[in-house]
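Trainee: Would you mind keeping the following structure in view while I ask a few things?
The values are calculated or read from the model by the stated rules, or taken from the named source; none is laboratory data. This structure is a prediction, so every number in the text was calculated from the model and none was measured. Here the Cβ is made from the backbone with ideal geometry for all residues, glycine too, and neighbour counts use every protein chain on show.
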Amino acid sequence: MKPITLAVVSDLHIGSKARSRDLCPRESEATESDFRHKFKAFIKGSKVKADFLIVAGDISSIAAPDEFKLCSEIVLEIANTLSVQNNNILFVPGNHDVNWSVLQIDPADQSKFWASQRYAPLAHSDWMFSKLLTSQQGNGLTAPYYWIRNFKTVLSAGYNSAWRDNPDEHVHHGLVSQDHLEQLDKDLAKHKKSNSQLRLFMVHHHPLQYSDPIPDEPDFSAMTNAENLLSLLRKHNFDVLIHGHKHVPRFKIHGLESGFPLAILGAGSFSATLDTRWSGLVSNQFHLLRIEGRVKEEGYIRGVLKNWTYLSGRGWVPSEGHSGIVHRLAFGAYIASNKLKSSLKNEIAKAFAHSDFVDWNTLAKKLPYLEYLPFDQLTDALDELSGQLYFQRRGTTPDELLVLRNK
Ligand SMILES: [Mn+2]
């Protein structure tokens, strides 16, 4: 498997809910005006490139046609800036991409004509989204609401978890229908598993329950029937699941019970005006998920997720913990903490025989899996060992890490 880089944006909310006037086709109350230019400058400046652009839904505010028209331009502009080919943009719709106004024209209509038009603005043939949803196995906008796109390097599938969303639903949490899952299971079985392909799944709503930054209110935002979706993904050995919806970014590894870990990225929001209750706790995010390859024997992927945060004064900067996610998150090394501690103990004791400090490079040379071990797991293990081996641990990134022997 060749290395592959996925750029990820979600919850753009083009229209009145976006944070900048250049993201709204009409009058906007936003105070900023040059978000698009700043993003382009950031990408050009950091020389970031990607193979695929992932757009995880809620691209509009109210599913208005002029929002989709502008969003079509913006998504193409983002792809272009990242050197992603138009055909390599992957998209699933969110609950905001369902047009409620047509559902409110005549809710009693027995023919269901208006209901069938709820995706008409999104699917307009002049704009790009219906093309992105078209696949040999489904289009995401009619039952069974999924698509499967097979690339040389990626087998990708997306499910429209907002398919049943309407103005009368109290909670817009999304639903995975068991019927749709059963059909998806059959369709996925038609694709031969190849270790040279990344297996990527996309859905708008989140499959796990996450705590809010202020975690004291009831939260019903996780998808209904998500557990069965996760089981299906494990069964078909999916490597990565990307979702949006909640504007809080998250990265979790799930499903070791199958012996095949699933990396789950909750992308947060790229450009929505965020809940003011969360200010200082959550920020807009852009992600690059770099998959370096597969571990030979076990077959699971490893790589590094990088995250950037948008701040009104400073523009795009590497994410820090207070924005909901840190800048660099390695994944793909799975090791029990006792085993990690005994290996570290061994290596640090050896290094202390001829030096008063050990840095990350020295440790990684002896224990190569550290490159793909979540950094927190390493620092937790080191902190537990510090009393036994009489050292102090410094640094919050691999570059800064120092293990200093107490004098
Ligand atoms: Mn949503």
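Trainee: In the range 252-267, what residues are modelled with pLDDT under 95 and touching a His at 6+ places or on another chain (Cβ under 9 Å)?
Mentor: Pro261, Leu262
Trainee: Please give the number of the condition Asp219 fails out of (1) within 16 Å of the ligand (Cβ to nearest atom); (2) part of a loop (DSSP other than H, G, I, E, B); (3) in contact (Cβ under 8 Å) with a residue 24 or more places away in the chain.
Mentor: (3)
Trainee: From the set of residues in the range 199-229 that are among the charged types (D, E, K, R) and at pLDDT below 95, which is farthest from His170 (Cα to Cα)?
Mentor: Among those that are among the charged types (D, E, K, R) and at pLDDT below 95, it is Glu227.
Trainee: Any residue in the range 34-48 that is in contact (Cβ under 8 Å) with a residue 12 or more places away in the chain, among the acidic types (Asp, Glu) and either within 16 Å of the ligand (Cβ to nearest atom) or touching a Ser or Thr at 6+ places or on another chain (Cβ under 6 Å) (or both)?
Mentor: no
Trainee: Can you say whether Ile214 is surrounded by fewer than 18 Cβ atoms within 10 Å (Cβ to Cβ) and away from the ligand (no atom under 16 Å from the Cβ), as far as the supplied structure shows? So that I can check it myself, show each step before the final result.
Mentor: Details: surrounded by fewer than 18 Cβ atoms within 10 Å (Cβ to Cβ): yes; away from the ligand (no atom under 16 Å from the Cβ): yes.
Yes; evaluated as a whole, the condition is true for this residue.
Trainee: Could we say that Glu292 is in a loop (DSSP other than H, G, I, E, B), away from the ligand (no atom under 16 Å from the Cβ) and more than 24 Å from Gly174 (Cβ to Cβ) here? Can you show your working first?
Mentor: Details: in a loop (DSSP other than H, G, I, E, B): no; away from the ligand (no atom under 16 Å from the Cβ): yes; more than 24 Å from Gly174 (Cβ to Cβ): yes.
Spelling it out, it is not the case that Glu292 is in a loop (DSSP other than H, G, I, E, B), away from the ligand (no atom under 16 Å from the Cβ) and more than 24 Å from Gly174 (Cβ to Cβ).
Trainee: Next up: Do the conditions hold for Leu200, that is, is it assigned to a strand (DSSP E or B), away from the ligand (no atom under 16 Å from the Cβ) and either closer than 21 Å to Phe91 by Cα or in the same structural domain as Lys296 (by TED's automatic domain parsing) (or both)? Give the steps one after another, and end with the answer.
Mentor: Numbers: assigned to a strand (DSSP E or B): yes; away from the ligand (no atom under 16 Å from the Cβ): yes; either closer than 21 Å to Phe91 by Cα or in the same structural domain as Lys296 (by TED's automatic domain parsing) (or both): yes.
The answer is yes for Leu200.
Trainee: Among the residues of the range 247-288, count how many are assigned to a strand (DSSP E or B) and within 14 Å of the ligand (Cβ to nearest atom).
Mentor: Final tally of qualifying residues: 2.
Trainee: Next question. When the range 224-246 is examined, which residues are found to be within 16 Å of the ligand (Cβ to nearest atom) and hydroxyl-bearing (Ser, Thr, Tyr)?
Mentor: If the condition is that a residue be within 16 Å of the ligand (Cβ to nearest atom) and hydroxyl-bearing (Ser, Thr, Tyr), then Thr224 is the only one that fits.
Trainee: Quick one: which of Ser343, Ser312, Ser323, Ser319 is of a type in the set (Ser, Thr, Tyr) and not assigned by TED's automatic domain parsing to the domain that holds Ser46?
Mentor: Details: Ser312 fails: not assigned by TED's automatic domain parsing to the domain that holds Ser46; Ser323 fails: not assigned by TED's automatic domain parsing to the domain that holds Ser46; Ser319 fails: not assigned by TED's automatic domain parsing to the domain that holds Ser46.
That would be Ser343, the only listed residue that is of a type in the set (Ser, Thr, Tyr) and not assigned by TED's automatic domain parsing to the domain that holds Ser46.
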